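Structure record follows, encoded as structure tokens.
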Amino acid sequence: MHGLVLSEAQRILDAGAAHARSIDQPMNIAVVDAGAHLLAFVRMDGAILASIDISTRKAVTAVLMNMPTSDLYDLAQPGGPLYGIESTNGSLVLFGGGIPLVRDAQLVGAVGVSGGSVDQDVAVADAAARGL
């Protein structure tokens, strides 16, 4: 089984950008491989600059933890089993918009989206992931 390739990453970006356009919200969308290395990225016209780093960190977090970033929020609250984890690995992101990419039950990468509300980021990330 091969890992995520650029043509697949481009389909993921295209699917995410199409959904972002449909909700009229410019987004930053990052795709990383299974080693958490950036494979492809798009900053849509008008997407906020701060979200470049956030989208990439969401993708990295999703692949490192092998779970959607939205699943980490409750686990990382004070008293939770992962409290403080956001300060590890160069700063993990603990809110929605990062989704692991799985093919044939194998983690092949992740997508991270930022630029809108958390709900918008999650919706665009879900659409992007379906592009795989």
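If the segment from A50 to A105 were pulled out straight at 0.36 nm per residue, it would be longer than the present Cα-Cα gap by 16.5 nm. With a simple spin-label model that places each label point 7 Å from the Cα along the Cα-to-Cβ direction, the separation between I85 and V118 comes to 1.5 nm. Every pair of different Cα atoms in the chain enters the Kirkwood calculation, which places the hydrodynamic radius at 14.1 Å. Its alpha carbons considered, region 55-132 gives a radius of gyration followed by a Dmax of 12.0, 37 Å. Computed about its Cα centre, the charge dipole of region 2-132 is approximately 180 debye, with only Lys, Arg, Asp and Glu carrying charge at their Cβ.
Using a cutoff of 8 angstrom between alpha carbon atoms and counting only pairs six or more residues apart, the relative contact order for the chain works out to 32 percent. Rolling a 1.4 Å probe across the protein heavy atoms gives the chain an accessible surface of 48 Å² per residue. Once backbone amide H atoms are built at 1.01 Å from N, L101 has V108, G109, A110, V111 as its partners under 5 Å, excluding neighbours fewer than 5 places away on the same chain. Note on the chain: helix-only mean residue ellipticity at 222 nm, from DSSP H runs of 4+ residues weighted -39500 (n - 2.57) and normalised by residue number, equals -12000 deg cm²/dmol.
The values are calculated or read from the model by the stated rules, or taken from the named source; none is laboratory data. What you are looking at is a predicted structure, and each value in this text was computed from that prediction instead of being measured. All Cβ positions, glycine included, derive from the backbone under ideal geometry; neighbour counts span all protein chains shown. With ligands, DNA and RNA removed, areas are computed over all heavy atoms of the protein, side chains included. Shrake-Rupley method; radii C 1.70, N 1.55, O 1.52, S 1.80 Å.
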